[in-house]
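Reviewing the structure listed below.
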Amino acid sequence: IFLIEANSYGVIQIDSIQNLQKIGNDPGYPLDGEYELTQDIDASATRTWNSGAGFNPIGTEASPFVGTFDGKGYKITGLYINRSSTDNVGLFGYVGKRGDIWNLTVENATVKGKGATGIIVGQMKTDLDYEAVIVSNCHVINGTVVASGDRSGLLVGWMWNNRQAVVENCTSSGTITGTGLVGGLVGDCGNGIVRNSWSKAIVTGTGTEVGGLIGRNAGGAVYNCYSELNKVKGYNQVGGLIGHSYRYE
């Protein structure tokens with residue numbers, strides 16, 4: 001027997017970091033569910049969880065998050081994830097078809113991963129052109145990302161699929177260190193869309209394709225975006241806005 005708090009529309013309400021961690025780990029909190037925050041959440045306790053590995057990212061490549069999550073303008077503070085040998089690391093590790101995350105702020109988070117690492121989403125991807133994956137009106141404030149692999153961003157590590165992966169109206173600030181494809185907002189835009197967004201970050205990559213906003217844009221679209229007061233360092237293909245941008249022929 002389990003008790004789930006939900007509003008009159010059947011949306012599951014999240015009011016603590018413990019309940020947030022139940023998504024995908026408890027039968028009452030499925031990966032295709034509809035969720036909303038009901039208050040600010042202090043996540044600082046995650047620093048001691050799982051023998052120091054911290055919060056367990058929501059969704060994996062084998063079992064992605066495909067529901068909706070509405071932060072309702074609330075804030076998660078002090079999130080800690082320490083999984084430097086794991087790909088797809090973030091509050092949401094892997095978001096798949098029709099998965100949406102809206103209206104969420106994450107402040108003073110520290111996230112360590114391997115490839116596809118970001119504070120809000122590690123990787124967002126759908127295999128079908130008509131099934132969008134959207135991160136909208138989400139913000140990272142004073143975040144720290146340390147990635148031991150490619151494709152890392154303060155907000156999203158890797159987004160991909162024929163402009164059906166969308167980041168819009170988002171902002172990020174903080175410090176990020178990775179190898180290649182490192183961005184202050186998004187590491188690898190793939191062929192997705194980033195619009196109406198900005199970043200203010202210190203970005204360091206030991207490899208190629210490092211940018212103040214986006215590390216690599218491979219045939220995607222970037223509209224009405226900017227980065228400011230960035231310090232960007234990389235080995236090759238380094239830019240204040242985008243490290244490397246090209247279109248497939």
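Say whether the condition of being charged (D, E, K, R) and open to solvent by 60 Å² or more (accessible area, probe 1.4 Å) is met by at least one residue in segment 100-111.
Filtering segment 100-111 down to residues charged (D, E, K, R) leaves 100, 107.
Checking the rest, the ones that are also open to solvent by 60 Å² or more (accessible area, probe 1.4 Å) come to none.
No, every residue in segment 100-111 fails to be charged (D, E, K, R) and open to solvent by 60 Å² or more (accessible area, probe 1.4 Å).
Only one residue in Asn82, Asn142 is surrounded by fewer than 24 Cβ atoms within 10 Å (Cβ to Cβ), under 23 Å from Lys233 (Cα atoms), touching a strand residue (DSSP E or B) at 6+ places or on another chain (Cβ under 7 Å) and not basic (Lys, Arg), so which one is that? Quick ask: steps written out before the conclusion?
Working: Asn82 fails: under 23 Å from Lys233 (Cα atoms).
Exactly one of Asn82, Asn142 is surrounded by fewer than 24 Cβ atoms within 10 Å (Cβ to Cβ), under 23 Å from Lys233 (Cα atoms), touching a strand residue (DSSP E or B) at 6+ places or on another chain (Cβ under 7 Å) and not basic (Lys, Arg), namely Asn142.
Are there strands (runs of 3 or more DSSP E) fully within segment 194-249 with at least 2 residues that are under 15 Å from Arg163 (Cβ atoms) and open to solvent by 10 Å² or more (accessible area, probe 1.4 Å)? List them. Give the steps one after another, and end with the answer.
Details: elements: 198-205, 208-211, 214-218, 221-223, 231-233, 236-239, 242-246.
Result: 221-223.
Where the second residue is buried (at least 17 other Cβ atoms within 10 Å of the Cβ) and assigned to a loop (DSSP other than H, G, I, E, B) and the first is at positive phi and touching a residue at least 12 places away in the same chain (Cβ under 8 Å) and lies in segment 71-83, which pairs have Cβ atoms under 9 Å and are six or more apart or on separate chains?
Going by the 9 Å Cβ cut-off, the qualifying pairs are Lys72/Asn103; Lys72/Leu104; Gly73/Asn103; Gly73/Leu104; Gly73/Asn137; Gly78/Ala43; Gly78/Asn108; Gly78/Ala109.
With respect to Trp160, is the statement that it is in contact with a Phe, Trp or Tyr (Cβ under 6 Å, 6 or more places away or on another chain) and open to solvent by 50 Å² or more (accessible area, probe 1.4 Å) true? Show your work before the answer.
Details: in contact with a Phe, Trp or Tyr (Cβ under 6 Å, 6 or more places away or on another chain): no; open to solvent by 50 Å² or more (accessible area, probe 1.4 Å): yes.
Considered against the rule, which asks whether it is in contact with a Phe, Trp or Tyr (Cβ under 6 Å, 6 or more places away or on another chain) and open to solvent by 50 Å² or more (accessible area, probe 1.4 Å), Trp160 comes out as no.
Determine the pairs where a residue that is free of Cβ contacts under 8 Å to residues at least 60 places away in the same chain, located within segment 27-41, has a partner that is of a type in the set (D, E, K, R) and part of a loop (DSSP other than H, G, I, E, B) with Cβ atoms under 6 Å apart, the partner being 6 or more residues away or on another chain.
Every condition considered, the pairs that remain are Tyr29/Lys22; Glu36/Lys72; Thr38/Asp15; Gln39/Asp15.
Kindly list, by first and then second residue, each pair from a residue in segment 214-236 that is over 22 Å from Thr175 (Cα atoms) to a residue that is assigned to a strand (DSSP E or B) and open to solvent by 40 Å² or more (accessible area, probe 1.4 Å), limited to pairs with Cβ atoms under 6 Å and residues at least 6 apart or on different chains.
Here the result reads Tyr223/Arg195; Asn224/Arg195, each pair linking segment 214-236 to a residue that is assigned to a strand (DSSP E or B) and open to solvent by 40 Å² or more (accessible area, probe 1.4 Å).
Looking only at segment 21-56, count every residue that is assigned to a helix (DSSP H, G or I), more than 17 Å from Phe69 (Cα to Cα) and open to solvent by less than 40 Å² (accessible area, probe 1.4 Å) and tell me the total. I'd like the intermediate steps shown before the answer.
Filtering segment 21-56 down to residues assigned to a helix (DSSP H, G or I) leaves 21, 44-52.
Next, from what is left, pick out any that are more than 17 Å from Phe69 (Cα to Cα): 44-52.
From what's left, open to solvent by less than 40 Å² (accessible area, probe 1.4 Å): 46, 52.
Qualifying residue count, segment 21-56: 2.
Being part of a strand (DSSP E or B) and among the polar types (S, T, N, Q) is the filter here, so list the residues in segment 57-86 that pass it.
Within segment 57-86, the first condition is being part of a strand (DSSP E or B), and the residues that meet it are 58, 65, 68-70, 75-77, 80-82.
Within segment 57-86, Thr68, Thr77, Asn82 meet the criteria.
The values are calculated or read from the model by the stated rules, or taken from the named source; none is laboratory data. Everything quoted here is computed from the prediction, not taken from an experiment. A quick note on method: Cβ atoms are made from the backbone with ideal geometry, for glycine too, and the neighbour counts reach across all protein chains shown. In case anyone asks, the SASA skips ligands and DNA or RNA and just uses the protein heavy atoms, side chains included. Shrake-Rupley method; radii C 1.70, N 1.55, O 1.52, S 1.80 Å.
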